[in-house]
Amino acid sequence: MAQHTVTSQYGVPIIKDIDSYLETVKQDSCKGMTELRSIIPGIVYDLRYAGTNNFMHRRMYPKNTKLTFLRAPAATALQKVQQELNAQGYGLKIFDAYRPYSVTVRFWELVKDERYVANPSKGSGHNRGLAVDLTIINLSTGKELEMGTGFDNFTDSAHHNFTQLPQSVLNNRKFLKDTMEKYGFSLFDTEWWHYYWPNDRNYEVLDLEAKRIYISPFSLHR
């Protein structure tokens, strides 16, 4: 069966059915979505859009969402990040990774600022399973390293080039940046927590619930 896309109201081709997604994976195994906990032992989830502790102040994902994904190469690279951090007594906490396109549309309708929210006329790295929002935790305490702002802080102080912060905070941001970039991720200028994998395989924009991906045949979560 050939894959097929539909065109969103913003003119973007998107995949909305699981069979079409699976067809892309058959054609290119790198397009498989990997549930992060399945290959990254000890990774911590704080999936903000599964609850109300986010800038929307409302739950954006289905109730009890406990899964998150990246495309296979990005997930493997993140596994290496975790291994390096673990060797130094640290680990990763994930705020968000794959995000269905319909959620990005809802964000845009509220914010409409491309510094902080993806324009749905382009789709986002999150929608393609290439972007991840994260921070570093100290394994001995379970606490996050101080990064100067919280997650989804829409001020200049969250930007990578903002330097009016204590040196310890700047060092922590650099620690995260250096480790992520070492394994192939790129930073997003206005959000210290946001990193993305290059879209070098024409990864499609997806609008599929995480649960549907997880239970699908050929899913790479096992």
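Within segment 83-113, which residues are of a type outside the set (D, E, K, R), out of contact with any strand residue (DSSP E or B) (no Cβ under 6 Å at 6 or more places or on another chain) and closer than 29 Å to Lys143 by Cβ? Outline the logic, then answer.
If we filter segment 83-113 for residues that are of a type outside the set (D, E, K, R), which is where we start, we get 83, 85-92, 94-95, 97-98, 100-105, 107-108, 110-111.
Restricting the remaining residues to those that are out of contact with any strand residue (DSSP E or B) (no Cβ under 6 Å at 6 or more places or on another chain) gives 83, 86-89, 100, 102-105, 107-108, 110-111.
Selection gives Gln83, Asn86, Ala87, Gln88, Gly89, Val103, Phe107.
Scan segment 91-108 for residues that are of a type outside the set (S, T, N, Q) and farther than 23 Å from His159 by Cα and jot them down. Outline the logic, then answer.
Narrowing segment 91-108 to residues of a type outside the set (S, T, N, Q): 91-101, 103, 105-108.
Listed by number, the residues that qualify are Pro100, Tyr101, Val103, Val105, Arg106.
Picking from Tyr196, Tyr214, Tyr183, which residue would you name as being among the hydroxyl-bearing types (Ser, Thr, Tyr), within 23 Å of Lys122 (Cα to Cα) and in contact (Cβ under 8 Å) with a residue 60 or more places away in the chain? Even if it seems obvious, please write down each step before you answer.
Values: Tyr214 fails: within 23 Å of Lys122 (Cα to Cα); Tyr183 fails: within 23 Å of Lys122 (Cα to Cα).
Residue meeting the stated conditions: Tyr196.
Determine if segment 30-37 includes at least one residue that is of a type outside the set (D, E, K, R), over 23 Å from Ser121 (Cα atoms), in a helix (DSSP H, G or I) and modelled with pLDDT of 95 or more. Yes: segment 30-37 contains one or more residues that are of a type outside the set (D, E, K, R), over 23 Å from Ser121 (Cα atoms), in a helix (DSSP H, G or I) and modelled with pLDDT of 95 or more. Considering the conditions (1) within 18 Å of Ala50 (Cβ to Cβ); (2) basic (Lys, Arg); (3) surrounded by fewer than 22 Cβ atoms within 10 Å (Cβ to Cβ), Arg99 is excluded by exactly one of them, (3). Residues in segment 8-28 that are crowded, with 17+ Cβ neighbours inside 10 Å and farther than 20 Å from Lys211 by Cβ: 2 in all.
Within segment 62-111, the set of residues being over 13 Å from the mean Cα position of the chain (by Cα) and part of a strand (DSSP E or B) comprises Tyr90, Gly91. Within segment 200-211, take every residue that is out of contact with any strand residue (DSSP E or B) (no Cβ under 9 Å at 6 or more places or on another chain) and surrounded by 14 or more Cβ atoms within 10 Å (Cβ to Cβ) and give me the one that is modelled with the lowest pLDDT. Among those residues, the one meeting the criterion is Lys211. Kindly list the number of the only condition in (1) among the polar types (S, T, N, Q); (2) out of contact with any strand residue (DSSP E or B) (no Cβ under 8 Å at 6 or more places or on another chain); (3) over 20 Å from Asn199 (Cβ atoms) that fails for Thr135. It fails just one condition, (2).
Can you tell me which residue is surrounded by the fewest Cβ atoms within 10 Å (Cβ to Cβ) among those in segment 33-52 that are of a type in the set (S, T, N, Q) and under 30 Å from Ser20 (Cα atoms)? Among residues in segment 33-52 that are of a type in the set (S, T, N, Q) and under 30 Å from Ser20 (Cα atoms), the one surrounded by the fewest Cβ atoms within 10 Å (Cβ to Cβ) is Ser38. Could you check segment 68-93 and list, in sequence order, the residues that are aliphatic (A, V, I, L, M) and surrounded by 22 or more Cβ atoms within 10 Å (Cβ to Cβ)? Of everything in segment 68-93, those that are aliphatic (A, V, I, L, M) and surrounded by 22 or more Cβ atoms within 10 Å (Cβ to Cβ) turn out to be Leu70, Ala74, Ala75, Leu78, Val81, Leu92.
Within segment 54-68, track down each residue that is under 17 Å from Pro41 (Cβ atoms) and touching a residue at least 60 places away in the same chain (Cβ under 8 Å).
Residues of segment 54-68 under 17 Å from Pro41 (Cβ atoms): 66-68.
Listed by number, the residues that qualify are Leu67, Thr68.
Mind listing whichever residues of segment 106-135 are more than 20 Å from Asp46 (Cα to Cα) and surrounded by fewer than 19 Cβ atoms within 10 Å (Cβ to Cβ)?
First, the residues of segment 106-135 that are more than 20 Å from Asp46 (Cα to Cα): 106, 108-115, 118-124, 128.
Passing the criteria: Arg106, Trp108, Glu109, Leu110, Val111, Lys112, Asp113, Glu114, Arg115, Asn119, Ser121, Lys122.
The values are calculated or read from the model by the stated rules, or taken from the named source; none is laboratory data. Predicted model only: the values in this text are computed from it and were never measured. Every residue, glycine as well, gets a Cβ built from its backbone with ideal geometry; the counts of neighbours run over all protein chains shown.
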